[in-house]
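Comments concern the structure below.
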Amino acid sequence: MAACVGRTLFSGAVRRPRRLLPRVFPLVRLIPRDEQFFDMFAQIAQRITSSVTLLHEMFGAPERLTHYESAIKDVEHEADQLVQQVNTKIDTSFVTPLDREDIHLLATRLDNVVDLIDGTARRAVMFRITETRPAALKLTEVLVRAGKTIEEQVRDIKKPRAVVEYGRRIKQLEEEGDALYHAAVGELFDGRPDALEVIKWKELYDKLEEALDECEDVSNVLESIALKNS
């Protein structure tokens with residue numbers, strides 16, 4: 001009887017309760033991503049719209065070239081400071097909402113547009129432009145629309161479908177600008193043109209066309225980022 005009891009009590013190993021290990025979550029999920037980058041992108045995009053609007057007004061009032069050139073330079077400085085803030089935040093943020101390379105690329109591309117607008121204004125002053133040309137007003141008007149579209153595209157960067165649609169608009173504006181550019185350069189050689197005037201305005205038209213091309217580059221970067229992070 002005792003043997004039976006012993007076998008019953010001690011024949012099997014005592015089961016100890018299983019220890020449940022705590023679930024380990026990735027550290028990056030516990031640290032919030034710095035969303036301020038999107039606000040800074042929006043602020044740089046606003047500088048594009050501001051600078052191209054001033055440039056359009058400048059070509060409409062060539063007697064105030066220095067006033068507008070100075071105003072555009074102020075906007076360009078603001079854009080540079082914002083890009084510097086973006087780069088600093090890249091270095092100090094543990095987790096970023098986008099790839100660091102994409103953040104740097106987008107900020108740089110946005111700033112490039114403002115730089116080109118600033119360069120166009122400075123050339124107009126250096127060339128002592130005293131009269132405007134209708135083509136310059138048409139090209140800068142297209143640039144104003146492109147700037148506003150980029151501003152909207154940046155605002156909706158988290159909406160891939162909207163970003164792609166804005167990209168189509170930018171492409172259409174770039175093509176419209178190309179047509180205006182080719183016509184404008186052709187008109188410079190009508191009749192018996194003044195060689196210096198041809199040189200001046202060809203350089204200005206080149207810069208305006210380059211700014212439109214850069215707007216398309218910005219749009220392409222935005223599309224890539226939006227689709228990559230969708």
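Every number in this text was worked out from the coordinates using simple rules, so none of it is lab data. Keep in mind the model is a prediction, meaning the values are calculated, not measured. Methodologically, a virtual Cβ is constructed for each residue, glycine included, from the backbone with ideal geometry; neighbour enumeration extends over all protein chains shown.
I need the per residue convex hull volume for the chain, using only the alpha carbons, in cubic angstrom as a whole number.
On the way: hull volume 30.6 nm³, N = 230.
So the per-residue hull volume is 133 Å³.
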Scalar couplings 3J(HN,Hα) for region 157-171 by Karplus 6.51 cos²θ - 1.76 cosθ + 1.60 (θ = phi - 60°), nearest whole Hz, x for Gly and Pro, are 4, 8, 10, x, 5, 5, 4, 5, 5, 4, x, 5, 5, 4, 4
Under the helix-only model (-39500 (n - 2.57) for each DSSP H run of 4 or more, divided by the residues of the chain), the mean residue ellipticity at 222 nm, to 500 deg cm²/dmol, is -27000 deg cm²/dmol
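Compute the relative contact order of region 90-230 as a whole-number percentage, counting only Cα pairs closer than 8 Å that sit 6 or more residues apart in sequence. Walk me through the intermediate numbers first.
Values: 117 pairs, mean separation 57.2, N = 141.
Over region 90-230, the number comes to 41 percent.
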Violations at 21 Å Cα threshold for listed pairs Lys148/Lys171; Lys73/Lys158; Lys73/Lys171 -> Lys73/Lys158; Lys73/Lys171
Ordering 61-70, 139-148, 99-108, 200-209 by per-residue average of other C-beta atoms within 10 angstrom, highest first, gives 139-148, 200-209, 99-108, 61-70
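In whole Å, what three semi-axes, largest first, describe the equivalent ellipsoid of region 102-160 built from its Cα gyration tensor (square root of 5 times each eigenvalue)?
Numbers: eigenvalues 164, 47, 6 Å².
Square roots of five times the eigenvalues give 29, 15, 5 Å.
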Tilt, helix 36-60 to longest principal axis of the chain (alpha-carbon atoms), in degrees rounded to tens, equals 10
Helix 100-126 sits off the longest principal axis of the Cα atoms of the chain, rounded to the nearest 10 on a 0 to 90 degree scale, by 10
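Quick one: Thr130, Thr53, fewest Cβ neighbours within 10 Å first, how do they rank? If you can, show how the numbers build up before the last one.
Working: Thr130 8, Thr53 19.
Ranking Thr130, Thr53 by Cβ neighbours within 10 Å, fewest first, gives Thr130, Thr53.
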